[in-house]
1. What do you reckon, is Gly282 open to solvent by less than 70 Å² (accessible area, probe 1.4 Å), at pLDDT 95 or above, small (Gly, Ala, Ser) and in a helix (DSSP H, G or I)?
2. Considering only residues of the stretch 251-273 that are outside any helix (DSSP H, G or I) and open to solvent by 60 Å² or more (accessible area, probe 1.4 Å), which is nearest to Phe90 (Cα to Cα)?
3. Provide a single number: the residues in the stretch 288-306 that are surrounded by 18 or more Cβ atoms within 10 Å (Cβ to Cβ) and part of a helix (DSSP H, G or I).
4. In the stretch 29-60, which residues are assigned to a helix (DSSP H, G or I) and closer than 22 Å to Trp132 by Cβ?
5. Only one of these conditions is not met by Ser305: (1) closer than 27 Å to Leu185 by Cβ; (2) among the polar types (S, T, N, Q); (3) at pLDDT 95 or above. Which number is it?
6. Would you point out which residue out of Gly21, Gly111 is of a type in the set (Gly, Ala, Ser), in contact (Cβ under 8 Å) with a residue 12 or more places away in the chain and closer than 30 Å to Ser221 by Cα?
7. Among residues belonging to the stretch 216-250 that are aromatic (Phe, Trp, Tyr) and surrounded by 11 or more Cβ atoms within 10 Å (Cβ to Cβ), point out the one that is nearest to Lys100 (Cα to Cα).
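The values are calculated or read from the model by the stated rules, or taken from the named source; none is laboratory data. Just so we're clear, the structure is a prediction, and the values are computed from it rather than from any experiment. Here Cβ is always computed from backbone atoms with ideal geometry, including for glycine, and neighbour counts include all displayed protein chains. When the accessible area is computed, the model is the full protein with side chains, heavy atoms only, and any ligands, DNA or RNA have been set aside. Shrake-Rupley method; radii C 1.70, N 1.55, O 1.52, S 1.80 Å.
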Amino acid sequence: VVDLVNERAKGLAAPYNARFGADWRQAVADPDVAFVLVLTYPDSHARISIAAMEAGKDVLCEKPLARTLTEARQMVSIARKTKRILKCGFNHRHHPAVEKAYELYKKGVIGKSVFGRGRYGITGRKGVEKEWRSDPAIVGGGQLMEQGIHMVDLFRWFVGDIVKVTGFVGTNYWPISVEDNGFALLQTKTGVTISIHSSLTQWINLFEFELYGEKGSLSISGLGGSYGTQRLTIAPRDPNGPFSYETIEYRGTDTSWKNEWDEFIGGIGKREQVMMGSGIDGLRAMEIVDSVYTASKTNKTIILSK
């Protein structure tokens, strides 16, 4: 266990009789270490992950994958070169309602996608301008990169690669140097359009993921805790019948972190280079968010591929 403050590392390590310290380089170089979890600030994701992979370790790195696209591309390149597994911390893929929705979508329950809509927000805190999340030297972006990137990843996972991006970001309330609101419009090569709003001025915490298809819709609301009970609503399209839907509630503790961990460990055991929420997925999500930033500055639609 490594932390910038040695005493914090010691406290976390004690129940497990684990080694601890304040120098990540020692942990990465330790021959007894098989894999590395990079849960640090984004500005150190790349150098720790790259050093770990070059030392023969597999890596689970928190999102966003890095602070810059250049760093993220370097990480993916090193993973290929060293044949190490690089997984990005997209735990939202592992929420039970999301897993079930994806299963139903792949089975064709709602048919071909028509459009998607996502809203993800949290209220900021007094003193937010002093937090590391508000420091452009540490982070690559504000609310859209920090929280909205989960929504970007989920839609890309469901509907496929995004080829056109536009949107707006702004800092309209909090005294910070990064955006407190981000609005994105994304489009696939088949013309499926996705709208995403990620907000730091959502005074009541909110998570809503909606995907509409030719035969119906799948809607997820809540993540547990302050976001409310997680619910999956399956609504079939019946133009001649009464409106009907089925809602499944997923109560209890958040299992997404354990499910993500199991995915990572299983991938290591099978030596699967491309697992769910891979380093490549982390890079693609960052490319999309970065394109929203560019679109907002230039008032243009950004083409990611043809």
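1. On the way: open to solvent by less than 70 Å² (accessible area, probe 1.4 Å): yes; at pLDDT 95 or above: yes; small (Gly, Ala, Ser): yes; in a helix (DSSP H, G or I): yes.
Here the answer is yes, as Gly282 does meet what is asked.
2. Within the stretch 251-273, the subset outside any helix (DSSP H, G or I) is 251-255, 271-273.
Filter once more, keeping what is open to solvent by 60 Å² or more (accessible area, probe 1.4 Å): 251-254, 271-273.
Details: Arg251: 21, Gly252: 20, Thr253: 18, Asp254: 14, Arg271: 19, Glu272: 17, Gln273: 16 Å.
Among those that are outside any helix (DSSP H, G or I) and open to solvent by 60 Å² or more (accessible area, probe 1.4 Å), it is Asp254.
3. Applying the first criterion (surrounded by 18 or more Cβ atoms within 10 Å (Cβ to Cβ)) to the stretch 288-306 yields 288-293, 295-296, 302.
After this cut, where a residue has to be part of a helix (DSSP H, G or I) as well, the list is 288-293, 295-296.
Residues that pass the stated criteria total 8.
4. From the stretch 29-60, those assigned to a helix (DSSP H, G or I) are 29, 42-54; that's our starting set.
Hits for the stretch 29-60 are Pro42, Asp43, Ser44, His45, Ala46, Arg47, Ile48, Ser49, Ile50, Ala51, Ala52.
5. Every listed condition holds for Ser305 apart from (3).
6. Values: Gly21 fails: closer than 30 Å to Ser221 by Cα.
Gly111 is the lone residue from the list that is of a type in the set (Gly, Ala, Ser), in contact (Cβ under 8 Å) with a residue 12 or more places away in the chain and closer than 30 Å to Ser221 by Cα.
7. Taking the stretch 216-250 as the starting set, the residues that turn out to be aromatic (Phe, Trp, Tyr) are 227, 243, 245, 250.
From what is left, the residues that are surrounded by 11 or more Cβ atoms within 10 Å (Cβ to Cβ) are 227, 245, 250.
Details: Tyr227: 19, Tyr245: 15, Tyr250: 11 Å.
Checked the stretch 216-250; the qualifying residue nearest to Lys100 (Cα to Cα) is Tyr250.
Per-residue answers, yes or no, for (1) within 17 Å of the chain's Cα centre (by Cα); (2) at pLDDT below 95; (3) among the small types (Gly, Ala, Ser); (4) not in a helix (DSSP H, G or I):
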residue: Met75; (1), (2), (3), (4): yes, no, no, no
residue: Ile78; (1), (2), (3), (4): no, no, no, no
residue: Lys81; (1), (2), (3), (4): no, no, no, no
residue: His92; (1), (2), (3), (4): yes, no, no, no
residue: Tyr105; (1), (2), (3), (4): no, no, no, no
residue: Val109; (1), (2), (3), (4): no, no, no, yes
